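As structure tokens, the structure follows; a few thoughts come after it.
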Amino acid sequence: MASEHILIERRDAVQIIRMNRPDKKNAITRAMYAAMSAALSAGDADPGVRAHLFLGVPGAFCAGNDLADFLAVAMGSESGMEVWDFLLALAGAQKPLVSGVDGIAVGIGTTLNLHCDLTFATPRTVFTTPFVDLGLVPEAASSLLVPRLLGHQRAFALLCLGEPLPAEEALAAGMVRAVVAEEMLESAAIAAAMRIASKPPEALRMSRDLLRGPREEVVRRIRDEGQAFAQRLRSDEARRALSAFMSRKKPA
Ligand code: COA
């Protein structure tokens with residue numbers, strides 16, 4: 001399924017999946033999730049593709065799920081399964097995943113990177129996950145993967161308190177491969193994806209699978225979180241927080 005806000009490009013054996021909705025800071029709609037899931041499965045099925053690369057736009061990797069879409073699900077008018085299909089596609093991707101993250105990285109704009117093999121960020125990148133403030137719970141198996149990476153205390157601060165995690169701290173914690181200047185981000189991420197693409201693909205696939213371990217645990221956590229998330233979306237806490245964002249007035 002195509003979306004005008006997802007641009008798919010091939011650079012040799014690298015498939016670039018670019019979120020391109022700058023006026024909404026790359027908030028992801030249902031159509032965008034569907035387009036990204038389709039790109040992952042098409043790229044995995046294409047022997048000419050050896051790595052997937054996620055990019056955003058300058059200053060905005062992704063502002064998270066489109067909150068109008070969440071509100072529609074919260075109010076019961078939509079089912080909104082596309083996000084869960086995308087998370088499963090991400091966790092099940094057969095080929096290495098790389099991301100280049102500049103600036104805003106909220107919600108899934110943070111958690112998507114937990115599934116990437118290499119993430120590049122810039123000095124102005126800040127990872128945030130305001131799930132609890134929205135009356136929600138973590139997703140994308142972040143409740144499993146972030147404590148493993150950061151330990152409980154920093155994971156709690158990020159996932160439960162919504163405290164920002166700047167790029168340099170994410171680098172120190174091992175959530176990011178390198179922090180590079182804004183103007184170097186895309187070339188660094190593309191070069192890394194190209195390097196991956198130059199490796200013997202079967203040996204790389206098996207090595208990556210060994211490093212990642214069995215996927216069942218991650219998939220199970222995505223499903224468990226999904227159940228809790230769906231329940232939370234229909235809560236008064238979430239409805240209030242989502243409505244407040246949608247009706248917020250910007251300072252004149
Ligand atoms: N869903 C829907 N629209 C969003 C959005 C989202 N997640 N994030 C930003 N937008 C929209 C804004 O409503 C605004 O639209 P408008 O120009 O029509 O009013 C536009 O994108 C620009 O956002 P703005 O808030 O003006 O930019 P900013 O640079 O001041 O702040 C954010 C950027 C990301 C910090 C802020 O927009 C924000 O907090 N967004 C919500 C993030 C979120 O909670 N995501 C879900 C996580 S689970």
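The values are calculated or read from the model by the stated rules, or taken from the named source; none is laboratory data. Please read these numbers as outputs of a predicted model, since none were measured by experiment. Counting neighbours? That spans all protein chains shown, and the Cβs are built from the backbone with ideal geometry, glycine included. Ligands, DNA and RNA are excluded from the accessible area calculation, which covers all protein heavy atoms including side chains. Shrake-Rupley method; radii C 1.70, N 1.55, O 1.52, S 1.80 Å.
Kindly establish whether Leu88 is more than 13 Å from the ligand (Cβ to nearest atom) and open to solvent by 20 Å² or more (accessible area, probe 1.4 Å).
yes
Which one of these is within 17 Å of the chain's Cα centre (by Cα), part of a helix (DSSP H, G or I) and modelled with pLDDT of 95 or more: Leu210, Leu204, Leu158?
Leu158
Residue pairs, Cβ under 6 Å, 6 or more apart or interchain, first in segment 20-48 and in a helix (DSSP H, G or I) and more than 14 Å from the ligand (Cβ to nearest atom), second basic (Lys, Arg) and at pLDDT 95 or above. List them.
That search, which allows pairs on different chains as well, returns Asp44/Lys95.
Only residues in segment 102-119 that are more than 15 Å from Val83 (Cα to Cα) count as the first member; pair them with residues that are at pLDDT 95 or above and of a type in the set (D, E, K, R), Cβ under 8 angstrom, at least 6 apart or cross-chain, and list the lot.
Here the result reads Asp102/Arg124; Asp102/Glu182; Gly103/Arg124; Ile104/Lys25; Asp117/Arg208; Leu118/Arg177; Thr119/Arg177, each pair linking segment 102-119 to a residue that is at pLDDT 95 or above and of a type in the set (D, E, K, R).
Taking only pairs six or more apart or across chains, which ones have beta-carbon atoms under 9 Å, a first residue in segment 1-18 that is within 15 Å of Ser37 (Cβ to Cβ), and a second residue that is open to solvent by 80 Å² or more (accessible area, probe 1.4 Å) and of a type in the set (Lys, Arg)?
Pairs found: His5/Lys24; Gln15/Arg50.
With over 12 Å from the mean Cα position of the chain (by Cα), of a type in the set (Phe, Trp, Tyr) and under 20 Å from Ile222 (Cβ atoms) as the only criterion, which of Phe120, Phe70 stands out?
Among Phe120, Phe70, only Phe70 is over 12 Å from the mean Cα position of the chain (by Cα), of a type in the set (Phe, Trp, Tyr) and under 20 Å from Ile222 (Cβ atoms).
Among the residues of segment 112-130, count how many are open to solvent by less than 10 Å² (accessible area, probe 1.4 Å) and within 9 Å of the ligand (Cβ to nearest atom).
Looking only at that region, the number is 1.
Yes or no, residue by residue, for (1) of a type in the set (Asp, Glu); (2) in contact with a helix residue (DSSP H, G or I) (Cβ under 9 Å, 6 or more places away or on another chain); (3) open to solvent by less than 70 Å² (accessible area, probe 1.4 Å); (4) over 24 Å from Val106 (Cβ atoms):
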| site | (1), (2), (3), (4) |
| --- | --- |
| Leu158 | no, yes, yes, no |
| Met175 | no, yes, yes, no |
| Val180 | no, yes, yes, no |
| Glu186 | yes, no, yes, no |
| Ala189 | no, no, yes, no |
| Ile196 | no, yes, yes, yes |
